[in-house]
Amino acid sequence: MSERILVVDDEDIIRESLSFVLKKEGYTVEEAENGKVAYDKILEESFDLVITDLEMPQMKGTQLIEEIQKLNIQTSVIIVTAFGSLDTAINALRNGATDYILKPVEFDELLIKVKRLFEVKNLLLENRILKKEIQRNYDFSDIVGKSPSIRRVYDMIQTVAETDSSVLITGKSGTGKELVARSLHSKSKRQNKPFIAVNCGAIAENLIESELFGHKKGAFTGAISDKEGLIKAADGGTLFLDEISELPLPLQVKFLRALQEKEITPVGSTVSSSVNVRIIASTNRELKDEIKTGKFREDLYYRLNVIEIPLPSLKEREEDIPLLADHFLDKYRTEMNKNIKGIDGEAIRALVSYEWKGEVRELENVIERAVIFCKNEFITLKDLPEAFSSTSSTVDFSKLGSLEEAIKRFEKEYILKALESNKNDKEKTSELLHVGLSTLYRKLKELDISH
């Protein structure tokens, strides 16, 4: 076993007995005679479990638990307490201790509790790993649409996925940049290696270097142990840097060198280590403008922008809105176990006409809300936010063309949506649309729908 345990008790016989029993079970065990000594050891080394008495000189067990909580480390605590101190033990459990055991200690009981604790910790770790594995399996089914602009994105993903070249994904916030990055990874030869996503704008400027490159113990205040950076964590796989324009200018120099040399140097170290990582970056800003204002390095831009994948806004792919709406409807009606068959024509027209400032992300939120409020078989205009009630009256008719063209366009979108919701089953689709099967086939031919 590799689990490390620290036994803390001011009574030598108890401390030594616990240590002896645990070592016999194969655990790595260290001892401390009071809370202060234990705390100093925890600052120096990492422990999976601390078994501590409550009443000790210099620093009591309750205070030791509080200090461990402040460190925000993955160390569990089992309290050893007398029956008379049970109320104190219960308070300690509320403040972060994992379990307790009464004196005189029954060694078999202690070993069972320790074993169970480590089993639960391992299961939680495996669960986190499995969730990450599941998140890797992204394919084109996550990028919904059939418009020419989104088909160009599909084609680019297919073409560049197998290469190791850096990719820059551009587009407005909410257009699905991370989905494209994950699709690139899942279709590459690195698919069984890590995919690490980092939002450069979500990490404080004074921490981002340490997060990316890692640090050595003592490199700065609070660096109580060595830490592996996210670039190293992605070794062999893909590192996705979301909103790369937020990377601080001084750090851009270090990152450029890491890209060129394929080496990283942790903060506080002079020793470099090699890494094999594919870089995919994204931005919702125009990086050439950022270069002109001195906020982004031109050499880093060209290093990242070997291949650019521009993502279209919803305004550029309006014909995909009914398909996206149906995709999100299917997702949320399943999650919420609601029997909603579709979205009615008036609501679809309002969705297509709406100005989506938040792009696909906003559309998903609107459909999720509609599923919550919908009480009938179809989502209607009243299930959408108030902003959609006036949408149909604010349509720019100069862009719609003739009435005949507008009707054909709507018919095509509506039939495509109906086919999608019925998994291309023509009979079910004709029933949903209240038309004969022969009529549906005629419409498919008239509107050039290949299903």
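Miscellaneous remarks
- Low-density loop positions, GluC sites (Glu not before Pro), the range 285-389 - DSSP coil, at most 15 other Cβ in 10 Å: GLU286, GLU355, GLU377
- Nitroxide proxy distance, nm - points 7 Å out along Cα→Cβ at ILE14 and GLU66: 2.1 nm
- For ALA197, nonlocal amide neighbours, meaning residues 5 or more places apart or on other chains whose placed amide H falls under 5 Å from its own, are PHE240.
- Most simply put, the chain has about 10% antiparallel DSSP beta bridges, counting only bridges with both residues inside it.
- Residue-wise HN-Hα coupling along the range 319-333, computed from phi with Karplus coefficients 6.51, -1.76, 1.60 (Hz; x: Gly, Pro): 5, 8, 4, x, 5, 5, 4, 5, 4, 6, 4, 4, 4, 7, 5
- Among the listed pairs LYS216/LYS292; LYS193/LYS341; LYS375/LYS445; LYS217/LYS262; LYS36/LYS121; LYS121/LYS177, those beyond 32 Å (Cα-Cα): LYS216/LYS292; LYS193/LYS341; LYS375/LYS445; LYS121/LYS177
- Principal-axis tilt of helix 148-160 within the chain, Cα atoms, nearest 10 degrees: 40 degrees
- The range 315-446, relative contact order [Cα under 8 Å, separation at least 6], %: 26 percent
- Between ILE343 and ILE379, the built amide H atoms are under 5 Å apart, and every one of these is 5 or more places off in sequence or on another chain.
- Taking the C-alpha atoms only, the angle from helix 177-186 to the longest principal axis of the chain is near 70 degrees.
- Rounded to the nearest 20 debye, the dipole size of the chain about its Cα centre is 1560 debye, using +1 on the Cβ of Lys and Arg and -1 on the Cβ of Asp and Glu.
- Compared with the alpha-carbon gap, the fully stretched path from LYS338 to LYS375 is longer by 12.4 nm at 0.36 nm per residue.
- Beta-bridge orientation, the range 4-131: approximately 0 percent antiparallel, per DSSP, counting only bridges with both partners inside.
- Computed over the range 138-312, Cα set: Rg, Dmax in Å: 16.4, 54
- Spread of Cα-to-Cα distances over 10 Å intervals beginning at zero, given as percent, for the chain: 4, 16, 19, 18, 17, 14, 8, 3, 1, 0
- For the chain, the relative contact order comes to 11 percent (Cα pairs under 8 Å, sequence separation of at least 6).
- From the alpha carbon centroid of the range 1-60 to that of the range 318-391 is 58 Å.
- Estimated purely from DSSP H runs of n ≥ 4, each contributing -39500 (n - 2.57), the mean residue ellipticity at 222 nm for the chain is -14500 deg cm²/dmol once divided by its residues.
- Ratio Rg/Rh [Cα only; Rh per Kirkwood] for the range 225-320: 1.04
- Compared with the dominant Cα axis of the chain, that is its longest principal axis, helix 437-446 is turned about 80°.
- Inter-label distance, SER438 to GLU298: 7.0 nm, where each label sits 7 Å from its Cα along the C-beta direction.
- In this structure the amide hydrogen of ILE101, modeled in the peptide plane, comes within under 5 Å of the amide hydrogens of ILE79, VAL80, THR81, none closer than 5 places in sequence on its chain.
- Range of Cα positions in the range 1-76 per principal axis (Å), largest first: 31, 26, 17
- Contact order relative to length of the range 138-312, as percent, for alpha carbon pairs under 8 angstrom and 6 or more apart: 32 percent
- Rg over Rh, two decimals, the range 315-446 (C-alpha only, Kirkwood Rh): 0.96
- Each label was represented as a point 7 Å from its Cα along the Cα-to-Cβ direction; for PHE220 and LEU251 these points are 0.9 nm apart.
Values quoted throughout were computed directly from the atomic coordinates according to the rules given, and no laboratory measurement underlies them. Bear in mind that the values here come from a model prediction, so they are computed numbers and not experimental data. A quick note on method: Cβ atoms are made from the backbone with ideal geometry, for glycine too, and the neighbour counts reach across all protein chains shown.
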